Structures are given as structure tokens and as C-alpha cells.
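Report on one structure; see the data block that follows.
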Amino acid sequence: MDNATSQKLRHIAEACLLAKTHTGTLPPVEDTQKLLHELQVHQIELEMQNDELREAKDTNNIALYRYTELFDFAPVAYFALDRTSKITQVNLMGASLLGLERLKLTGRLFLHYMTQGYRVKLNDFLTKAFDTGNKQNCEILIHVSNRSLWLSLESSIGLTETECLVAMIDITERKQAEEKLKRAASVFSHAHEGIMITDASGNITEVNDAFSNITGYSAPEVIGKNPKILQSGRQKSEFYDEMWHSIRTQGKWSGEVWNRRKNGELYAEMLTISAVKNTMGLVEHYVSLFTDITTMKTMTKSHGQLERIAHFDMLTNLPNRILLADRLSQAMLQCQRQNQTLAVVFIDLDGFKLINDSYGHNVGDELLIALSQRMKNALRGCDTLSRIGGDEFIAVMVDLEKIEDCEPLLTRLLKAINKPITVSAILMKVSASIGVTFYPQDCVDADQLMRHADQAMYIAKKAGKNRYHMFDTVRDNAIKTRRQSIGDLRAALERREFILYYQPKVNMRTGKVIGLEALIRWQHPTRGILPPLDFLPLIEGHKCSLELGEWVIGAALSQISHWQNMGVNLSVSVNISAYQLQQDNFVARLEALLNDNPDVNPRCLDLEILETSALSDISQVSNTIKACHKLGVRFALDDFGTGYSSLSHLKHLPAYLIKIDQSFVSDMLDDMDDLAIVEGVIGLAKAFHREVIAEGVETVAHGKALLKLGCELAQGYGISRPMPADDIPNWVSNWKADVSWQADE
């Protein structure tokens, strides 16, 4: 029942009583009963309303108790202030912050705890909080109990007309650290050294003028950004891991770093990084001081860099084939003079290809670097460890009194390789197959010693891997294994188990498919499709390789004829071995194969020679190539840059095309040395008026980088993987170059 109804009933009852008083009579009985009933209902409703009011009051009391408890015991200091800054309430944390009792704080003006300048700031803060009702923030300095405190203030949004709830946080330590850093920065503001200050997260907060002069970046361009914008990419992730380990454990790091200026130019700097901590031992800032030493590094490195590129592997920093050959020759002379023994150890990692395929070439490269260091540590200081390519290494162990002295070193080498290793947060385990031969017991030249160790390694791999075999004890088995392999390949040729896959070669700029490379595959009856490296090395230098080589040329010519009948006119390149090219009847055999396919223009056939091929008579090979030119067949130099006689081959062999080896192309985006080699090969090709094509173009980014260097021709997985001949026409019809390649014109 609402108030209006109650009032109405009250008026009726009063009227009845007045009527009785004046007339001495009462209303009819039925009216009286009706009135009594309504009054009873009204009484019940009033009692229910009283119950509801009591419950609401209890609820409010509980809420008030909870609010009071939350307020009093909150982990943040809270003050309730009026417009004049008078403290009407304060919680326990607030009293603790100021070091005063709550009773002594209540009723006091908060303004009394600060100087005049900050009083104005607090008044402005409170005025905006009350007038706008929005959350406000400010920082003030107060003085209480002989202490100075920096406080960060934040007002709550829900305000009353008379009170504003303000949260206060002690930021004294942070402000002191900031002031300290500012003073330190002012000291170095006119220094010649570059200075960079970052916060605990690593973002730049302040730089000096010298920083801008050296890097080319102005302060507004870098403030708030991560110093990674300066990284050149020349330092691997391990470099930075060691740097930060030193900073975390010792509080500082010093060393040389290659970085990149704003204009893209590389520069070297001598860098010192120090961690600045607060009283709690937590890092507040990092201060970096550096000096530009590019000129000094350039002067000392110009000569040494060429020397290192010529003699050391760019990935592992181990001696390459050239330096290995020199050291092995010197060691052999030493053995003869001192009547000692040396061991040539051929090391091949087991399962490395699977790691590359599973985790990518970057992880594979990091693994090779880590394992090369392990192997080097397992050897003695007088021994030489060389990387000769891929996952293959050769060690030369000297000063051996007898053959048995080598065995503890071999065991230690296997254990070092087989020990689990973490690379890029991936735990992996590899093993190695090792072949060993000894000089002068194996009385051959240096090249044959390495070949013999290679053969012994192959037997170790066939015997179960993670072991070593010595050439002297396995020679007969190696010969038997090779004979068996040759027999298997001849039988496969007779059973027509070999097929050709084709990988397109394109002009990235124009989008034109310029040709195909024929790549042999063995359709093994039990092992499936086998790549050439699984069987061609077994017949290298054997007559069987000549038969297989001629089959490849014949099959390619036949396929060209078939495609021409379909309207697909493309040249095909075929790899030929040095052994096949140096046969006296090579030109005659090639001419016979061309005559078997008279409808094929010889200019549609290109022959590729591996740049690393052992060409014993360059003059004779040059004459052979010229004779093939008269037939209309052209030549290309494959895997250019990986051998030791690149310039000699380029000068004397009349090849129209140079193929940049994929090992340099695949890493050119991340490895400055590989990029330099690619750029150098392109420059050589232009200087010698040769065309150039890049292998191993895996991504669009590789293509863009090559186009910028002036190389338009390419092949690789980023364009197409090798495919069966039947897939070529459809692929050629549908393939289009990436738009970004043509956009660079």
C-alpha cells in the first residue's frame, strides 16, 4: 500500500470519528467492517515495510564494514581530502607512508607537508578532480618527519561533493635514480663518446649529441625504441647471449660491435654497457658508452679479410680446403723428417640433413658452429680441424709415435660430437661417422689421403654410424662395397629405373621462364626415389658414370623434342662430370646423341661443369668446349665460388653462364660475408662478360636482394622445386613472377 492510499484511509477514519462526535451515530456496519479490513491490511503492509527497512539497514551495515575493512587494510596508501586538502580519512598504509599516527593526521591539511611550489600543484590537482569528476594524476614532493618523499597521486573517479579519495605511491627511489642519471648524462653531454641510456626494458630514454653524430639518428628518432634498430646482423645470437650473461652476472660488458648507421652504412664501435641498480638491487637503467673505431678496423682488416676469406670457412672460422691442403703437405714433410706418423680423419655428421629439413638452415648453421668448437676442443693444439663443406670435416692429427696413439683422440672426438646439445632452445643429439688413414703407412699424396679417409668413413657409416674405421683395415671391404654399388647402378640402368626431374630457371625481372635444369633421380625398387648424392658419388670416376651421363643427355634431348611437339620451347641444362668431359671421345659421343634427335636445336642443350671439378688439363678441356660450341651446345660453370680455381676456370673456360652456388645465396640475407661473395661473383661475371644465374633462391626476399645486385636470373625452391617432366607444361603456363620483383624496375 502506497502513501496516498494510507492518507485516504486516515481521512476516512477521521471523518467517521467526527461524525460520531457530532451526531452521536456511527456509519452503517458494512462500512465499518470494510474500513476495519482495510486498516488491518494497511497494518500488515506497514510491518512488512519495517522488515524490509531493517534488512536494508543490515545490508548497508555489512557493506559499510566491508568497505571500512578494505579501506583500512588496502596495500595502497589512501587519503580522503576535501577541496582545501584537509585529511578527512586515511588508511593504515597512508599513515605508515608518512610515518604518523592516523589520529594525528585526521583534520590536518595535506598542504602543510610540502613546499610552496608543490602546494600550487596539489591545489590544481584537487580543483580538477572535484570540478571534472575525472581521474587526475600528479607527482609531488613532501617533507615529513625529517624525510623527503616523492609521491605519485591518483584521484578516484567516483567523488562526493565534499571528499576526494586519493591513492598515493612512494616513488622516491625512482625519482632519485632519474635525477642521478640526469646528472650523469649532463656530465657526458659534451663528450666525444656516444652515450645511450635505456630503461629496464631496454628501450632508449636518452642519447647525447655524439650518439647522433656517430649513428645518424636524432634523439626524437630513437627515444622509446629498442637499440636493436642499430644492429647490423653481423653478430650471431650467441654473441648477444654472452653479452647479456656478462651484464646480468657482472653488471657490465665491454667489447667490439659492428652496428649500422641510419643511412645503412656499417660501422665498428668499442662499446661498454653498465647496469644501474636501485637500493633493492633491481636494474633501473642501462648506460652504454661507445666510440667509433671503423677507420681503425678498416685499415687493419682490409688485408686480413681477404686473407681470411681465402683460407678460412666463413661459417665455422675453421681452415678451408686450401689451408688444409697446405697444412697437410707441411705435416707430411714433417713426418718424413722426424720418422713419425700422422692421421687424416674424415668426419661426416650422421642425420644432419634431417635437422636442416626439420628446423631450417639457420638452426643447422648454429649446430655446425657449436659442434666445430666441440671437435676443436677435443683435439690437441697441434692438430688441424677443417670444414670442407656441408657437414663434412677433416682433421689432421700429427706427432703420433704409432697408429694406436690416435685411438684415444678418435674416441674423445666421437664423444664430443655425440653429447646432447641445445641449439636455439632445441635439445638435439647427433653422431658422426669417421674414417681414418695414416701417413706414411698409406704412402700416397695429400689428395689421395683425404679420399682414402673418405672411403673409410663411408664404411663406418654403412656399419652403423657413430664409430670410426681405419682405411688400412677396411680397404678390401670398401672395394667390395663400391663394386656392389656399381653393379646395382648398371642393373638399374638396364631396368630403366632412372628418371629426370626438371627445375625451372626464370628471369625474375621479366617473369619469363628461360629454361630448365635436368636432375637425375633413381626410382629404387625398395628405397623409393633417391637423389643423386645417394648414388652418383659411388660411381665417380668409373666407366659406369659415363654410361649414366650419356643416358641423361639422351633423355633430356628426347624430352625437349616431346615438349616442342606440345608447343613448349625451352632449353635444358645437364650436369656433366669432369671425368666424362675429359674423355677423348666426348665430342663425338655428344654429336651422336644430337644426331639421334635431329629435330632438337643443339642450342636448346646446355652442359654444366662443377666449378670444383678436378680438371687436370684446362687447355684440353677448353678445346673440348670450343668443339662443342661448333655443334651449337653451350656451357655453364656450376656452383661457382666454392672451388679453389674460380678465376682460372673463368678465364680459360669459355662458358657463357656462371651459376652462383646456393650455399652463398641461401645465407646472403643474414651473412654479410656471403652477401659480399654473391656481389663479387656478379661483378666478376659482368667483368668477364658472362651471364649470371643464382641457385638457392628460397624466398621473395632473396629475389629482391639479387635484383638489387644486378642478378635477374634465378632458380630455387622459392620459385619451384624440381618436378616430373609431365608437370612442366602446366607450371610454365601458370607461373608468374612475384610482383615485388617487377616493382623494383
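The values are calculated or read from the model by the stated rules, or taken from the named source; none is laboratory data. The structure displayed is predicted, hence computed values, not measured ones. Neighbour counts run over all protein chains shown; Cβ positions are idealised from the backbone, glycine included. For accessibility, only protein heavy atoms count, side chains too; no ligands or nucleic acids. Shrake-Rupley method; radii C 1.70, N 1.55, O 1.52, S 1.80 Å.
Some values worked out for this structure:
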item	result
Carbon and sulfur %, accessible surface of the stretch 223-361 computed with the full protein complex present, 1.4 Å	54
The stretch 509-635 - percent of accessible surface contributed by carbon and sulfur, probe 1.4 Å	50
Exposure of residue 467 as accessible area (Å², to 10), given a probe of 1.4 Å and all protein chains	90
Kirkwood hydrodynamic radius of the stretch 94-179, from inverse mean 1/r over distinct Cα pairs, in Å	13.7
Dipole magnitude (debye, nearest 20) for the stretch 470-568, charges at Cβ of Lys, Arg, Asp, Glu	220
Rotationally averaged projected area of the stretch 68-215 (alpha carbon convex hull; nm²)	11.4
Those lysines that a straight Cα-Cα span of less than 30 Å connects to residue 429, excepting residues fewer than 8 apart in one chain	236, 353, 376, 415, 419, 461, 462, 465
Over the chain, relative contact order from alpha-carbon pairs under 8 Å, at least 6 apart, %	6
Calculated on alpha-carbon atoms, Rg and Dmax of the chain in Å	43.1, 156
Trypsin sites (Lys or Arg not before Pro) restricted to the stretch 683-727 and DSSP loop, no more than 15 other C-beta within 10 Å	none
Given charges at beta-carbon only (K, R positive; D, E negative), |dipole| of the stretch 144-270 in Debye	380
Span from the the stretch 382-436 Cα centroid across to the the stretch 220-288 one, whole angstrom	35
Sites matching trypsin sites (Lys or Arg not before Pro) across the stretch 515-590 that sit in DSSP coil, with at most 10 neighbouring C-beta atoms within 10 Å	527
Carbon/sulfur fraction of accessible area - the stretch 394-473, other protein chains in place, 1.4 Å, %	51
Per principal axis, descending, Cα span of the stretch 522-569 in whole Å	38, 25, 15
Size of the stretch 138-253 as Cα extents on the principal axes (Å, biggest first)	64, 31, 31
Convex hull of Cα atoms in the stretch 339-455, direction-averaged projection (nm²)	7.1
Under the Debye formula (equal points on every Cα, no solvent term), log10 I(q)/I(0) of the stretch 315-377 at q = 0.15 Å⁻¹	-0.63
Proportion of all alpha-carbon pairs of the stretch 442-536 beyond 22 Å (%)	51
Accessible area per residue, Å², the chain with all protein chains present, probe 1.4 Å	53
Eligible aspartates and glutamates near residue 626 by straight Cα distance, threshold 19 Å, same-chain separation 8 or greater	584, 591, 606, 608, 611, 617, 638, 691
Dipole magnitude of the chain about its Cα centre (Cβ charges: Lys, Arg +1; Asp, Glu -1), debye to nearest 20	1000
Given the chain, longest segment not containing exposed loop chymotrypsin sites (Phe, Trp or Tyr not before Pro) (DSSP; at most 15 other Cβ within 10 Å)	1-643
Two-decimal log10 I(q)/I(0) for the stretch 255-410, as the Debye equation yields it once each C-alpha is a single scatterer, q = 0.13, 0.17, 0.18 Å⁻¹	-0.85, -1.07, -1.11
Reach of residue 736 by Cα under 19 Å, taken over lysines that are not fewer than 8 positions away in the same chain	505, 512, 704
